[in-house]
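The values are calculated or read from the model by the stated rules, or taken from the named source; none is laboratory data. All values reported here derive from a predicted model rather than from experimental measurement. Every residue, glycine as well, gets a Cβ built from its backbone with ideal geometry; the counts of neighbours run over all protein chains shown. To get the accessible areas, we keep the full protein, side chains included, count just its heavy atoms, and leave off ligands, DNA and RNA. Shrake-Rupley method; radii C 1.70, N 1.55, O 1.52, S 1.80 Å.
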Amino acid sequence: MRKSCLGENLTAFLFISPFLAIFVLFLGYPLIYSFYLSLNKVTTLVDVFNNLTFVGLDNFKTLFHDGLFGWSLLMTLYYAGLIVPLGIASSLLLAVLLNNKLKFHSLFRTAFFLPYVLDLFVVGIVWTFIYSPHFGILNRILEALNIRYFSEQGFLGNPLTAMPAVVLVNVLKGAGFGMVLYLAALQNIPQSIYESAEVDGAGWWQKLTKITIPLLRPVTLFMVIVGVVAALNAFVEIYAMTSGGPSVNIGGKAYGATWVTGYYLFDTFYVRLKLGYAAAMSYVLLAIAVCVSLINIRILRPKTEY
Amino acid sequence: MRYVLALMILALILGCAKEATREGIVLKVWETYNSEERPVFLSLVEEFEKQHPGIKIEAVNIPFDGLEPKILTALATQTAPDIARVDVAFLPKLAIRGALYALDQFRVESIKSELRPVALSSCIVDGKTYGIPDQVNGLCLFYNKELFREAGLDPNKPPSSWDEFIDYAKKLTNKEKGVYGFGMKNSLWWTLPFIYSFGGDLLTPDNKHCALTSDEAIAGFQFKVDLYAKYRVEGGAWRSGGIRDDMGFQSQVYAMIFNGPWAVKGLERSGIDFGVALIPKGPKGYATNVGGNNMVVFSTSKHPKEAAQFLMFIASKDSQAKWANSLGQVPVNMLADGLIDFSRHPYLKIFMEQMKYAKPRPPIASYPEIENDVNPEMQAALDGKKSVREAMEAACKKVDAILQEEEALKAGLKKQAR
Amino acid sequence: MILLYVALTFAAFVVLFPFIWMIITAFKQPGTEFSSQILPSKPTLENFKRVFTEFGFVRYFLNSTIVAVSSGVLATLLASLAAYAFTFKNFVFKEKMYGLIIASMMVPGLMYVVPQFAIINKLGWMNTYRAMIVPHLANVFGLFLLRQYMGTIPKSLIDAAKMDGANDLQIYGRIVIPLSLPIVATLFLLTFQFHWSNFLWQLIVTNKENLYTVPVGLAMFKQQHEELYTLKMAASAVSIVPISLIFVFAQRYFIEGITRGAVKE
């Protein structure tokens, strides 16, 4: 037995070694390095690696008292809480609809996939127009219905609607990505399962909730975790549409209603040049992401092996 | 599959682009010139190489959005070029963190007296010269002549004072037609002309504290807020998600905006009948802010002396005259003023006139941080969530904290240097 | 049923709004991109012409194709090999290693740039295609996705093959990959797209304009104060052609999984 165990290990490592080699060099090392960076303060810019000032856990302590960071985490949770379920729901809906024998399905698929490959700035500009106060299409429609709530601020300028508005744009842009993943996964569900369910008299709703969705769980887990990671990294979508605004006044301080951590991180890194502080922030984000992922893995663990 | 492999092999071969070995000195330059400026720059490079046979210039055009991250990454590994063209706000950040050569040791003294003081001042940090200005600009008032005529205003008589400005803007605003008298940005830099023209400033004269809570600064910002909130002549361009000022000017929904020399070419092509004027006078006269770009030499350069020579060449009288005449931009060298053919660039005179009233940039390294922290406060005031005074007080707290942090950073760096 | 078609068409129209705007703008005269007229008053091909003559997009496309295709193929290959081992093999530290690998994607990408660049620099890979390709070959998302998917392949199939004396490479090549083809093809598509739009990294590792890629070229249209929208939209429109074509032609293949019946019991 021992010999075959060794053989098993050996072949396994042969299979993962190319991946692992690249991983260790280009991801593992930077990972460790940025953790070390989080314990340091960067002062000079030239030859950063040899000019660090060790400060221990100071960065983390400062982070703990940083009101803006706390706010940004809240906004990130809000953002993730909206975009992850909506993104998954819309992708799943599209995949299920466009998987069957609907006419023109490949045309529709292409249509829904296209926004995914578009530049976020292009998408951002167009949606800014749609959302804008006074002139925006959406506002004009609402004004025709005598709703004037959005006339002055538009959708991105109103703290209540800014985040949902950004989320909607991203959901529409990203639905094609999820759709493709779900479509691919749908191919792996044997037709026979549906057929036997039909024999038992199951309708489309039962088939969807009892067969399709449970069997897509692995991909859903992937979508949740990737969605959370994307939300923690969100930068371009915010930069392209709101720059972190509009302002909310809390306790005499103005905070941005879309000021998510990814945006704050970019600001800290490239504008404020606090590389150590940004690294500490990243590690807090990592901790949060790991926790969220573990919870999700628990929830979405497949209940039946087949 | 075979094609893919071939492609990959091709990649590996093509990838090994060889470094050409040349005689003499090669100066690498990272620049962000646009497609109109680039040919003019390259012709200046050619001239420089002709005059200095031992020196070659290797210029790489970098997209503006990627320049700062690229510079920071390169500095971290000591692979920065010799020279880069950077935004005026970025220079002091690099300077205080030891990334730049102080050029005073390379006899730049001779050219300094020729340069426009507002431009030069953006290169000076703690008394040392860390760059040579290569472009300087400030905001002016752009107005739509067609909309002026429609409102019964004389298109050749732009408003000259804030009172007149309000009067004009009211006449221009026609909400039925979706036209607003003015469109403005919410950002500190774009607010400075208001604050300056009321006699206010961002920092106290010693540059140690925030001065936005002074009565003058508050009056200036209050005026800006009133344009939107009280007089109702501004179209909400400052909002996140609003129609941006420059876009709205092009689609003729804002009759007046602030903008700079860079906008002229695009507007000329758009076919809009527009004029450029000084930003209207406030209680303390005309005023504007300063922006632009400076050329710097990185402290990792092996040929700082030659690099400084190149910088001085670009800022020289002849180069700047050529620059101004080809592109319609304000020359950084004042001696070039006399060599400009204004008939080719009708707006240049106004731009140069406006620069006379430009107030030098605050000589601090944390200006971009200040922008980012102050903007939300100003937005809250514009949105009526706070009074102007409350907003400025909250902003000043943030600014003072940033200034303190900068002091601490500088002190730490000094200790490290010793 | 008709309602469904109407809803889908409407939704498609909404999500394609930016796309439509991009195409319209690409045909507009520069400086009129935001004029009150929605359609171009004098449509022009000038923007497309300038993109390829003045702005060197021919070379950028070549570079991007080399980078995106080789990255797509290699990253998918590496991820599928690793995913095979993580799904079907037992070995020491398996789950610990996997957890660590997955966790690495939860650190914001920003943090990787400087250390990765330092390695590239040490290796002397500045200004090479390698520098753009190799650091992203360990595609953690891809590994995760493939393992999630391969986990749904019935173990019985693998065991049966083992009984028949197939070795791991054969099982990988003849059973697992064909069965995972839809997701493998999808991963290639996504990796391709990632490299086709990876602006910052591709800019940072090149100091030569002839090595610039499409995303770097597109960024050139955003200048310090103004953006050349008509040119940018023309270039963007052309830049999404390859991926759209791949999608249109490959979807039948990888979504409708022609390999089905063959291996399924």
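Tabulated values for the structure
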quantity	calculated
Scan of region C:48-76 for residues that are open to solvent by 10 Å² or more (accessible area, probe 1.4 Å) and at the interface with another protein chain (Cβ under 8 Å from one of its Cβ atoms), ordered by number	C:GLU54, C:PHE55, C:THR65, C:VAL69, C:VAL73, C:LEU74
Any hit, region B:377-396, residues being in contact with a Cys (Cβ under 8 Å, 6 or more places away or on another chain), surrounded by fewer than 22 Cβ atoms within 10 Å (Cβ to Cβ), in the same structural domain as B:SER160 (by TED's automatic domain parsing) and of a type outside the set (Gly, Ala, Ser)	yes
Matching residues in region A:186-217 - criterion: being assigned to a helix (DSSP H, G or I), in contact (Cβ under 8 Å) with a residue 60 or more places away in the chain, of a type outside the set (Ser, Thr, Tyr) and open to solvent by less than 20 Å² (accessible area, probe 1.4 Å)	A:LEU186
Residue list for region A:134-163, restricted to those being closer than 21 Å to A:TYR79 by Cβ and open to solvent by 50 Å² or more (accessible area, probe 1.4 Å)	A:LEU138, A:LEU160
So A:ALA95, is it modelled with pLDDT of 95 or more, more than 8 Å from chain C (Cβ to nearest Cβ) and not in a loop (DSSP other than H, G, I, E, B)	no
Pairs where the first residue, in region C:119-134, is at the interface with chain B (Cβ under 7 Å from one of its Cβ atoms) and the second is charged (D, E, K, R), C-beta under 8 Å, 6+ apart	C:ASN127/C:LYS208
Filtered residue count, region C:81-113, keeping only those that are at the interface with another protein chain (Cβ under 7 Å from one of its Cβ atoms), farther than 17 Å from A:LEU286 by Cβ and among the β-branched types (Val, Ile, Thr)	1
Some residue of region B:292-310 being aliphatic (A, V, I, L, M), more than 21 Å from the chain's Cα centre (by Cα) and closer than 25 Å to B:ILE364 by Cβ	yes
Residue within region B:205-218 that is among the aliphatic types (A, V, I, L, M), assigned by TED's automatic domain parsing to the domain that holds B:MET392, touching a residue at least 12 places away in the same chain (Cβ under 8 Å) and assigned to a helix (DSSP H, G or I) present	yes
Qualifying residue in region B:320-341 (condition: charged (D, E, K, R) and touching a residue at least 60 places away in the same chain (Cβ under 8 Å))	yes
A:THR44 vs. criteria under 30 Å from A:PRO159 (Cα atoms), hydroxyl-bearing (Ser, Thr, Tyr) and either surrounded by 15 or more Cβ atoms within 10 Å (Cβ to Cβ) or within 14 Å of chain C (Cβ to nearest Cβ) (or both)	no
Meets criteria (under 29 Å from B:LEU202 (Cα atoms), in contact (Cβ under 8 Å) with a residue 60 or more places away in the chain and of a type in the set (A, V, I, L, M)) for B:VAL296	yes
Members of region A:100-133 that are surrounded by 21 or more Cβ atoms within 10 Å (Cβ to Cβ) and either in contact with a Pro (Cβ under 6 Å, 6 or more places away or on another chain) or in a loop (DSSP other than H, G, I, E, B) (or both)	A:LEU118, A:ASP119, A:VAL122, A:VAL123, A:SER132, A:PRO133
Qualifying positions in region B:159-183 - part of a loop (DSSP other than H, G, I, E, B) and either closer than 27 Å to A:SER247 by Cβ or among the aromatic types (Phe, Trp, Tyr) (or both)	B:THR173, B:LYS175, B:GLY178
Residue check, C:ILE2 away from chain B (no Cβ under 14 Å) and free of Cβ contacts under 8 Å to residues at least 12 places away in the same chain	yes
Given (1) without any contact (Cβ under 8 Å) to a residue 24 or more places away in the chain; (2) not in a helix (DSSP H, G or I), number of the condition A:ALA21 does not satisfy	(2)
Residue among C:GLN193, C:GLN202 that is open to solvent by less than 20 Å² (accessible area, probe 1.4 Å) and at the interface with chain A (Cβ under 10 Å from one of its Cβ atoms)	C:GLN193
Any hit, region C:10-28, residues being at negative phi, part of a loop (DSSP other than H, G, I, E, B), buried (at least 23 other Cβ atoms within 10 Å of the Cβ) and modelled with pLDDT under 95	yes
When residues of region C:5-34 are limited to those that are within 14 Å of chain B (Cβ to nearest Cβ) and of a type in the set (Phe, Trp, Tyr), the one nearest to B:GLY271 (Cα to Cα)	C:PHE34
Residues of region C:35-47 satisfying the condition of being open to solvent by less than 20 Å² (accessible area, probe 1.4 Å) and within 8 Å of another protein chain (Cβ to nearest Cβ)	none
Failed item, numbered, when A:ALA89 is tested on (1) open to solvent by 70 Å² or more (accessible area, probe 1.4 Å); (2) more than 8 Å from chain C (Cβ to nearest Cβ)	(1)
Residue that is farthest from the chain's Cα centre (by Cα) [pool: residues in region B:194-252 that are of a type in the set (Lys, Arg) and closer than 29 Å to B:LYS356 by Cβ]	B:LYS208
Residue check for C:VAL176: away from chain B (no Cβ under 14 Å) and within 26 Å of C:GLY31 (Cα to Cα)	no
Failed criterion for B:ASN186 (all others in (1) polar (S, T, N, Q); (2) at pLDDT 95 or above; (3) not in a helix (DSSP H, G or I) hold)	(2)
Helices (runs of 4 or more DSSP H) (entirely within region B:243-347) containing at least 1 residues that are in the same structural domain as B:GLY98 (by TED's automatic domain parsing)	B:304-314, B:317-327
Answer residue from region B:273-324, given it is of a type in the set (A, V, I, L, M) and open to solvent by 20 Å² or more (accessible area, probe 1.4 Å) and is nearest to C:GLY31 (Cα to Cα) among those	B:LEU278
Residue check, A:SER38 in contact (Cβ under 8 Å) with a residue 60 or more places away in the chain, closer than 21 Å to A:TYR270 by Cβ and more than 8 Å from every other protein chain (Cβ to nearest Cβ)	yes
The listed residue being among the aliphatic types (A, V, I, L, M) and closer than 20 Å to C:GLN193 by Cβ, out of A:LEU160, A:LEU120, A:LEU138	A:LEU120
Hey, C:SER41 over 20 Å from C:SER236 (Cα atoms) and assigned to a loop (DSSP other than H, G, I, E, B) or not	yes
